[in-house]
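The values are calculated or read from the model by the stated rules, or taken from the named source; none is laboratory data. Worth saying up front: this structure is predicted, and the values here are computed from it rather than measured. Here the Cβ positions follow ideal geometry from the backbone for every residue, glycine too, while neighbour counts run over all protein chains shown.
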Amino acid sequence: MKKLLIALMLAGTFGLTYAQSDYYNDYRRSIADINWQTVAADLLLSATQTNQLNSLNDRYRDYDSWNRVYVSNPDRWREDRYYEIERILGREKYTKFKNKYYKGQNPVAVYNRNKNNYKKYNSKQYKEYRKEYKKEQKEHEKHGKHH
């Protein structure tokens, strides 16, 4: 019984964290969900700006290369990426980009909100799991006293 309780506590502790691979998946979606050729055409980017964006998008081709940079602070990819995009595009074009692809919101805030929604979902799930566990525990104690 103690082992089960410890396992539940550990599952709850680790279940509420946003896994390193989830951060990487967000990073990959930030690239894949946008047609960068369309961005370049819509914003009338120069060849240099387009090449810089393509280079930025190709910077971490796999999880290992991304993880070497962000292992100790996986949240940082958002600030790094969108700071670089703003630097490449310039403030005016970055604002247009943000308005079109992020409904005028700061992309960093959009990804932070996604992460927090994930935690809320898992927190609710954990609470339901604990409630069910306590119910089973009471049933077990009730049957144990009668035998």
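Annotation: Y102 fulfils all but one of (1) touching a helix residue (DSSP H, G or I) at 6+ places or on another chain (Cβ under 8 Å); (2) among the hydroxyl-bearing types (S, T, Y); (3) at pLDDT 90 or above; the unmet one is (3). Taking segment 54-78, which residues are touching a residue at least 24 places away in the same chain (Cβ under 8 Å) and either of a type in the set (S, T, N, Q) or in contact with a helix residue (DSSP H, G or I) (Cβ under 6 Å, 6 or more places away or on another chain) (or both)? Hits for segment 54-78 are L56, N57, Y60, Y63, W66, N67, Y70, P74, W77, R78. Please indicate, with yes or no, whether at least one residue in segment 8-17 is hydrophobic (A, V, I, L, M, F, W, C), surrounded by 14 or more Cβ atoms within 10 Å (Cβ to Cβ) and modelled with pLDDT of 95 or more. No, because not a single residue in segment 8-17 is hydrophobic (A, V, I, L, M, F, W, C), surrounded by 14 or more Cβ atoms within 10 Å (Cβ to Cβ) and modelled with pLDDT of 95 or more. Checked against the criterion of being of a type in the set (K, R) and at pLDDT 85 or above, segment 117-132 contains not a single residue that satisfies it. Here the helices (runs of 4 or more DSSP H) wholly within segment 22-74 that include at least 2 residues being within 19 Å of K96 (Cα to Cα), of a type in the set (G, A, S) and at pLDDT 95 or above are 36-42.
Within segment 27-48, being of a type outside the set (A, V, I, L, M, F, W, C) and either touching a residue at least 60 places away in the same chain (Cβ under 8 Å) or under 21 Å from N106 (Cα atoms) (or both) holds for Y27, R28, R29, S30, D33, N35, T38, D42.
Within segment 42-96, being farther than 14 Å from Y24 by Cα, surrounded by fewer than 16 Cβ atoms within 10 Å (Cβ to Cβ) and of a type in the set (S, T, Y) holds for S46, T48, S55, Y83, T95.
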